[in-house]
1. What's the angle, to the nearest 10 degrees (0 to 90), between helix A:153-166's Cα axis and the longest principal axis of chain A?
2. Report the FRET efficiency, 1/(1 + (r/R0)^6), for A:His239 and B:Arg362, where r is their Cβ-Cβ distance and R0 is 60 Å, rounded to 0.05.
3. At what distance in nm do the modelled label points of A:Val446 and A:Thr186 sit from each other, each positioned 7 Å from its Cα along Cα→Cβ?
4. Could you state the number of Å between the C-alpha centres of region A:254-313 and region B:204-273?
5. What is the calculated FRET efficiency for A:Asp147 to A:Arg273, with r their C-beta to C-beta distance and R₀ = 60 Å, to the nearest 0.05?
6. Starting from the Cα-Cα distance between A:Asp215 and A:Ala168, subtract it from 0.36 nm times their residue separation and give me the gain in nm to one decimal.
7. Please compute the modelled spin-label separation between B:Asp408 and A:Ala394, points set 7 Å along Cα→Cβ, answer in nm with one decimal.
8. Distance from a point 7 Å along Cα→Cβ of B:Arg224 to each backbone N in region B:364-388: keep the residues under 20 Å and list them by number.
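Only the coordinates and a few stated rules stand behind these numbers; no lab work does. Note that the structure is a prediction, hence the values are computed from the model and not measured. FYI the Cβ positions are ideal-geometry reconstructions off the backbone, even for glycines, and counts take in every protein chain you see.
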Amino acid sequence: MTLAAVPPPVGVPTGWHFPTYDESRLGNGLRVLAYDCPGQYVVAASLLFDVPLSAEPRDREGVAELTARCLTRGAGGWSAEEFADALASCGADLQGAASSDAFALRLSVPVAHLARGLDLMAAAIGNPTFAEEEFAHEKALQLQEIDQAHAYPQHVAGEELNVALFGAARAARPAGGTTATVQAVTRDDVVEYTSSHLFPADAALIMAGDFSSVDPAETVERSLAAWQRPAHPVPDFEHPEPTQRAQLLLVDWPDAPQATVRVAGKSVTRADRRWPAMFVANHAVGGSFSSRINTVLREQKGYTYGATSGLDAGRHRGTLSVSTAVRTDATADAVTDIVDIVTAANGSITDDEVAMAVRAATQSAPLGYERAEAVVGRVELLLSQQLPLDHVDANLERIRAVTTADANVAWGECIDPQALTVLVVGDASAVRDGLAAWGYADLREVTPAWR
Amino acid sequence: MTSRRVREGLGFGREGGRQQQGHGQAQDATLEAESENPHARKTRPVTLRQQTAGKAGTLLAARSASGHRYIASVTADATYPMVSRTLDNGLRVVVSPTPGLGVVAVNLWYDVGSRHEEPHRQGFAHLFEHLMFQGSRHVQPGEHFSLLQGNGGSLNATTSFDRTNYFESVPAGALDLALWLEADRMAYLDDVLTQQNFDNQVDVVAQERSQRMDNVPYGTVFERLLPLVFDPGHPYGHLPIGNMQHLAEATLTEVSAFHARYYMPNNAVLSIVGDVTAEAGFAKADQYFGAIVPGDAPKRELPPPLPPLDTPARLDHSEEVPVPAVWFAGRLPADAPDNRALTAAALASSILGEGDTSRLHRRLVRGDQIALAAAVSINPLIAGNSLLVGSVRAVPGHDLDEVTAAVDDELRRLATDGPTDDELAIVRAQAEREWLDDMGTAAGRADAISGCALLFDDPDVLNQRLPLVQSVTAAEVQEAARHWLLPALHAQVRVLPSAASDAAAVAVAAGDGVEV
């Protein structure tokens, strides 16, 4: 048998671009963006509101998530049970979601049932019942979920990393609130949140799917044009500044077979001119399977099932964070390796790494946006971060132009390897001494506030 | 648990490596093992979603809550063309063209899974799958990933009970590259494998197990549950992730033997789905795979179908978990081309435990408010039986006897009264939506096609699945519930919070005294 000894050439992809959209505006001020995605027979639609999580009253944090949960628990004269039946019987799913930079009500429905799905969405947003009994039960479930989440080391690592990075900002605290703040939320708070923040003027309905058999704008008009709710000023968005000094933190997790590790520091937002170069640099450092971090920690040393780094960016904040879970006895070695790799990246990113990152980013776009849900998700992100709607194509163009020098300069400017926060959730008795001996920063053992 | 999936989905803003999975119920997470977690897109495991797959184009009628009957129109016809051919060396190839898509999915299913493993090498099929990424004659270790990701592709592999699955989605221009890489490791895996790489992947798999099971609350439940449903010696008596001690004792020689035994063109299927014509797809398949010498493919030997459990074993286990939870599992009919009985059982399981409209959710979570979450699902399998799995997490303060009494009550009620018309309409609508969702990417279609082609030797089975869902009657659902789902037919594992860290497993005799 014969197989060529070298890989076959790869054809240059033809000019992909992000799906195009039709834009319209309803009389009530709702902006409608419809992306036609042939072959996507499950329509994704998201009603997106311009409201930051930091708009929650400090002592009622979690009210946004609780509102999101309650919107679909009875609406338009239907009981919670009837409403769930109505959704399920047209194969639809409708979920609210609150995040740092937006509040969304998301619908997923087969295209044949789009009109019905939008009617249900309109009922949920326009005429939610907020029955006292449903409110009380959703609140109880939310409180239980807060407790449950604390049994998962990965979740705790994420929460404690935010605490360590963002100090007093809203971003430091759990999106869904704490036990104390959720306990304090009343039904009136949910009503108030809804009337203050979830109104049609300047909200956006983003939808994507195969619209060959339906007129999306007309369907939206029929379902949502009648929805009225007075507009209010949009609250200010916070600008959380990540901590910029070396920190080494340990959360004890007795008998954990693995240590859950996060290494994070200040980076940039998508609006920064260095974003494309940072994307490329991060791809080389930890953003892909073949990256330096995964190659060392997984493929060379076998410490972990996988290690990645990512750029987490919101409207006004940007961080780099490395995530992994490693064998307990390799914890100190693993965090040392990670910080060493992040440090060594400065000035050492190669032409090959840049070329690979550029190809990976630009050529993976058609795959990344194959699903209607992915298209809507990206537009949600663009609107919530106040980026232009042509950002995807423009950003890919900029990534194509990134040089090796650009990647190295951006990494050098944006990442301070002496100012990283290193957080370990693991068995303190087994990892404490190794971490303390490392010397990156004084080891500080932290106890989560809920413990 | 769908609500959590969507809520957590508002993960605005991360670029680069994928965030590791958050908390959530590990319903299916341990029933299959993966090669590469954090960087790749994942296709769904073969569960009810694919089980209920079939041709779209259905009329559904369901009562709307406002009192009038909502008649939905016919969903767009979303069938996909499929052309099959078998190469001279026995490789079955299916091409499904979607012109203009810009991407192509390549998907190989090999007819080997954890059920084929030697008793003292549990987990070997999955370890082997990892080694398939450690280079082959013309491919350096790590190159499989770097070449594909570096050309915009996404890729992974998974090992389940019945099969091992390798897949990548690439821009159309990289189809040749994907096929060449797959062909090279099918033909010559062991040319470059070193002891060092082998040892490294044994370590990686051990960390995979830790990350997915040992460092996760309730993470080892399935490992405890399976041997209660199937004898430890049964092909489904152990999980694909396997036994780490067995893997530590495995040798490089065994890797070569495993490759020689199972990895050959006539023990695999290849599907190519997306922006390629049928002629070009077959020509390329032949160009890269055609010269690979066939082997002596193992004959498929399936154990006889087992009846439902007659002595429902129960295991109580304590560990550091937030709330008490119970998992139950039972046998179901094996998957087959015309799997009416399994489809009926799948619909019964959906009525009981899929989503906010399900009976367990309404009774335990919403009504009695004694549970935080309740779910029932099926795992279609071919070796004699499929698997039914359910789970309930209790509200603190309510013990598991109370919870299981309510579950048992609902199981009996479905068996006694059958489903309502509205319930049947709802689960059919859900199945249709899941089908459209699964078929929404070339990767999803390729996986489903490979599955039917490998397991049933007939990719067209795929197109018969949704019509089957639509044609199964209320009486058949009731009969499935009566025959397979009654509480006396299930094993259960109860997980109880322990203050002490030395989690002790306690075997509890149940029924007429089966010791576990």
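1. On a 0 to 90 degree scale, this one is about 90.
2. So the FRET efficiency works out to roughly 0.85.
3. Each label point lies 7 Å from its Cα, and together they span 3.4 nm.
4. Centre-to-centre distance over Cα atoms comes out at 28 Å.
5. About 0.85, to the nearest 0.05.
6. 12.2 nm
7. Reported label-point gap for A:Ala394 and B:Asp408 is 6.5 nm.
8. B:371-377, B:388
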